[in-house]
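Peer 1: The following block contains the structure, expressed as structure tokens.
The values are calculated or read from the model by the stated rules, or taken from the named source; none is laboratory data. Bear in mind that the values here come from a model prediction, so they are computed numbers and not experimental data. Here the Cβ positions follow ideal geometry from the backbone for every residue, glycine too, while neighbour counts run over all protein chains shown. Heavy atoms of the whole protein, side chains included, go into the accessibility calculation; ligands, DNA and RNA do not. Shrake-Rupley method; radii C 1.70, N 1.55, O 1.52, S 1.80 Å.
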Amino acid sequence: MVKYLSDSEKEILSVIYRHSLAHPSQFVFGALLGRSNDSKVTIESAVPIHHGHPLNIFIEVSLYQVDFVAKSKDLQVIGCYFVSEDGNPTMSNAVINIAEAFKTQFNNAIVLSLDLESSGQKLKTKGWSSDSGKSWREISDLPFSGEFDSIHDDKKPSDFLDHLENLQVNWVT
Amino acid sequence: MADLWKSGSIADVRESLRYLRQNRSRDSERVLKYGYPLIKKNSSSLENIELWEVYEQVYIAALDSHNNSIANELLDKIIRQHGAKSLRVMTLIGMRKEQQEEYEEAEKIYGQILAIDPTHQNAMKRQIAVRKEAGDLEGAIKLLNDYLKIFLGDTDAWLELADIFIGLQMYKNALPCYEEIILAHPQNHHIYSKYAEVLYSVGGYEAFKMARKNFAYSYELCEKGNHRALYGILMSSISIASTKQGKGEKDNETLFHWALDQLKEEYKREDPSKLKFLDAYVLQE
């Protein structure tokens with residue numbers, strides 16, 4: 001069974017949380033980049049992709065670029081994150097659709113979500129693994145948690161949709 | 001418009017509020033911040049009809065912002081002025097119930113309004129909103145369809161219905177909604193792009209071709225800054241080339257390279273450092 005680790009959990013949580021704050025009451029999702037060996041997947045960064053209902057074209061067009069950038073940094077696309085409109089982390093059909101697209105990039109893909117509904121002072125997360133290509137199972141020992149204050153940052157992250165409106169916007173670096 | 005708010009003058013605040021009402025837009029934070037002091041301290045500077053429109057507008061902004069004390073205060077004044085039996089006031093009371101998540105109470109009120117006036121547009125819309133908030137999307141779809149039988153030209157309602165279908169991944173059901181909007185707004189390039197995006201999600205050779213066509217028309221209607229359409233042509237072409245029927249199609253390859261060249265020009269102009277990302281898109285042969 002693969003173990004998911006991270007040395008950048010605060011930065012990753014910050015990106016995901018701020019992406020959801022930038023688009024309140026909207027579904028947001030993005031990519032997770034990292035490295036893997038036989039039994040370990042290290043999550044290095046999060047890249048915001050989209051806000052609103054996820055249509056296939058945006059998943060696909062942004063995956064091309066995210067994958068391209070990941071390879072240039074000796075990383076790979078290892079999963080995705082999402083935050084649902086109501087802050088409730090559920091693997092809905094729409095999420096599974098996105099997750100399956102990411103699974104084509106990496107067999108042990110991880111799906112990470114924020115559980116805003118039950119988060120109090122501390123931000124709660126939930127994650128699922130594709131478990132070597134089989135169905136999605138919930139991960140019990142996620143390396144992600146964080147106090148809201150420690151991940152707060154006023155900067156609003158831009159996603160691929162923002163980039164389509166203005167090509168000067170940096171959404172993936 | 002942001003500058004008008006900042007000046008803080010009565011005339012500018014009135015103008016900003018009027019602009020939002022005319023365009024049926026909301027900017028709840030600013031409406032509350034500037035509109036509430038206007039009606040508290042300078043209500044005499046407003047004509048009677050305008051005054052109560054502003055009251056309604058600020059009340060709705062207070063609901064959006066969950067400022068319950070201001071919402072209660074304003075609703076109280078509105079009821080005292082116009083009476084609780086006015087259909088417009090009843091709608092506002094219903095909205096308060098919605099904000100408090102008392103959906104059954106809200107629906108009861110809207111039902112009472114519709115019993116008096118079966119074509120009361122706002123009450124019908126609020127009923128749809130309640131069904132959505134309660135998570136009853138099937139109910140919301142049924143009510144929206146009933147609403148659109150009466151108000152066929154309501155573009156916002158068609159968009160709302162399309163949005164619900166997309167959220168449920170019922171992409172084929174969303175398509176006729178966009179077709180109605182295109183009929184009403186044939187020069188709106190955004191709608192052609194949105195229609196194309198849903199076609200792309202339907203998938204398959206024919207749908208990809210229709211998507212490419214609509215992205216191309218969107219670009220024809222508006223070239224400036226229409227990167228969404230260019231990327232749409234690019235992705236549709238890639239997807240067409242990956243199908244059995246579309247593999248090796250010369251027209252498709254031509255359009256792909258044309259779209260890629262247009263995007264390269266756009267990036268050269270806007271931000272050359274990002275040109276390299278276009279290398280990620282390769283037409284599958």
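Peer 1: Could you say which residue among B:Glu50, B:Glu56, B:Glu107, B:Glu29 is acidic (Asp, Glu), assigned to a helix (DSSP H, G or I), surrounded by 17 or more Cβ atoms within 10 Å (Cβ to Cβ) and in contact (Cβ under 8 Å) with a residue 24 or more places away in the chain? Give the steps one after another, and end with the answer.
Peer 2: Details: B:Glu50 fails: surrounded by 17 or more Cβ atoms within 10 Å (Cβ to Cβ); B:Glu107 fails: in contact (Cβ under 8 Å) with a residue 24 or more places away in the chain; B:Glu29 fails: surrounded by 17 or more Cβ atoms within 10 Å (Cβ to Cβ).
Only one candidate passes the filter, namely B:Glu56.
Peer 1: Give me the residue from segment B:75-104 that is of a type in the set (Val, Ile, Thr) and touching a Leu at 6+ places or on another chain (Cβ under 8 Å) and, out of that set, most open to solvent (accessible area, probe 1.4 Å).
Peer 2: The initial filter retains those residues of segment B:75-104 that are of a type in the set (Val, Ile, Thr), namely B:78-79, B:89, B:91, B:93.
Filter once more, so that each one left must be touching a Leu at 6+ places or on another chain (Cβ under 8 Å): B:78, B:93.
On the way: B:Ile78: 7, B:Ile93: 37 Å².
So the residue we want is B:Ile93.
Peer 1: Output yes when any residue across segment B:127-135 is open to solvent by 20 Å² or more (accessible area, probe 1.4 Å) and within 30 Å of B:Pro37 (Cβ to Cβ), and no when none is. Reasoning before the result, please.
Peer 2: So the first thing to find is which residues in segment B:127-135 are open to solvent by 20 Å² or more (accessible area, probe 1.4 Å), and the list is B:127, B:129, B:131-135.
Keeping just the survivors that are within 30 Å of B:Pro37 (Cβ to Cβ) gives B:129.
Yes, there is a match, as at least one residue in segment B:127-135 is open to solvent by 20 Å² or more (accessible area, probe 1.4 Å) and within 30 Å of B:Pro37 (Cβ to Cβ).
Peer 1: Moving on to the next point. State all residues of segment A:108-123 that are exposed (fewer than 14 other Cβ atoms within 10 Å of the Cβ) and more than 15 Å from A:Glu9 (Cβ to Cβ); if no residue qualifies, say none. Write out each step before concluding.
Peer 2: In the first step, residues of segment A:108-123 are kept if they are exposed (fewer than 14 other Cβ atoms within 10 Å of the Cβ); the result is A:117-118, A:120-122.
If the condition is that a residue be exposed (fewer than 14 other Cβ atoms within 10 Å of the Cβ) and more than 15 Å from A:Glu9 (Cβ to Cβ), then A:Glu117, A:Ser118, A:Gly120, A:Gln121 are the ones that fit.
Peer 1: Hey, among the residues in segment B:32-47 that are in contact (Cβ under 8 Å) with a residue 24 or more places away in the chain and not in a helix (DSSP H, G or I), which one's most open to solvent (accessible area, probe 1.4 Å)?
Peer 2: B:Asn42
Peer 1: Mind listing just one residue for me: the one in segment A:91-124 that is assigned to a loop (DSSP other than H, G, I, E, B) and free of Cβ contacts under 8 Å to residues at least 12 places away in the same chain and, of those, nearest to the other protein chains (Cβ to nearest Cβ)? Steps first, answer last, please.
Peer 2: To start, the set of residues in segment A:91-124 that are assigned to a loop (DSSP other than H, G, I, E, B) comprises A:91-92, A:104-109, A:115-121, A:124.
Then drop every residue that is not free of Cβ contacts under 8 Å to residues at least 12 places away in the same chain, which leaves A:92, A:104, A:118, A:120.
Values: A:Ser92: 9, A:Thr104: 13, A:Ser118: 18, A:Gly120: 19 Å.
Going through the qualifying residues, I end up with A:Ser92.
Peer 1: Still on this structure, please answer the following. Whether any residue in segment A:49-70 is away from chain B (no Cβ under 14 Å) and under 15 Å from A:Phe102 (Cβ atoms) is what I want to check.
Peer 2: First, pick out the residues of segment A:49-70 that are away from chain B (no Cβ under 14 Å): none.
Looking for residues that are away from chain B (no Cβ under 14 Å) and under 15 Å from A:Phe102 (Cβ atoms), one finds none in segment A:49-70, hence no.
Peer 1: Residues to consider are B:Lys172, B:Lys142, B:Lys149, B:Lys132; find the one that is basic (Lys, Arg) and under 30 Å from B:Val58 (Cβ atoms). I'd like the intermediate steps shown before the answer.
Peer 2: Details: B:Lys172 fails: under 30 Å from B:Val58 (Cβ atoms); B:Lys142 fails: under 30 Å from B:Val58 (Cβ atoms); B:Lys149 fails: under 30 Å from B:Val58 (Cβ atoms).
Of B:Lys172, B:Lys142, B:Lys149, B:Lys132, the one residue that is basic (Lys, Arg) and under 30 Å from B:Val58 (Cβ atoms) is B:Lys132.
Peer 1: Restrict the check to segment A:74-82 and report whether at least one residue is open to solvent by 40 Å² or more (accessible area, probe 1.4 Å), farther than 17 Å from A:Ser130 by Cβ and within 9 Å of another protein chain (Cβ to nearest Cβ).
Peer 2: Kept after step one, since they are open to solvent by 40 Å² or more (accessible area, probe 1.4 Å), are these residues of segment A:74-82: A:74, A:76.
Now drop any that are not farther than 17 Å from A:Ser130 by Cβ, which leaves A:74.
Within this subset, residues satisfying the condition of being within 9 Å of another protein chain (Cβ to nearest Cβ) are none.
No - not one qualifying residue is present in segment A:74-82.
Peer 1: Quick one: A:Phe27 ticks every box in (1) within 26 Å of B:Leu260 (Cα to Cα); (2) within 11 Å of chain B (Cβ to nearest Cβ); (3) in contact with a helix residue (DSSP H, G or I) (Cβ under 9 Å, 6 or more places away or on another chain) except a single one, so which number is it?
Peer 2: Evaluating A:Phe27 over (1) within 26 Å of B:Leu260 (Cα to Cα); (2) within 11 Å of chain B (Cβ to nearest Cβ); (3) in contact with a helix residue (DSSP H, G or I) (Cβ under 9 Å, 6 or more places away or on another chain) leaves (1) as the failure.
Peer 1: With the checklist (1) within 20 Å of the chain's Cα centre (by Cα); (2) more than 30 Å from B:Val202 (Cα to Cα); (3) among the small types (Gly, Ala, Ser) in hand, flag the one item B:Ala115 doesn't pass.
Peer 2: Here B:Ala115 meets the rest and fails (1).
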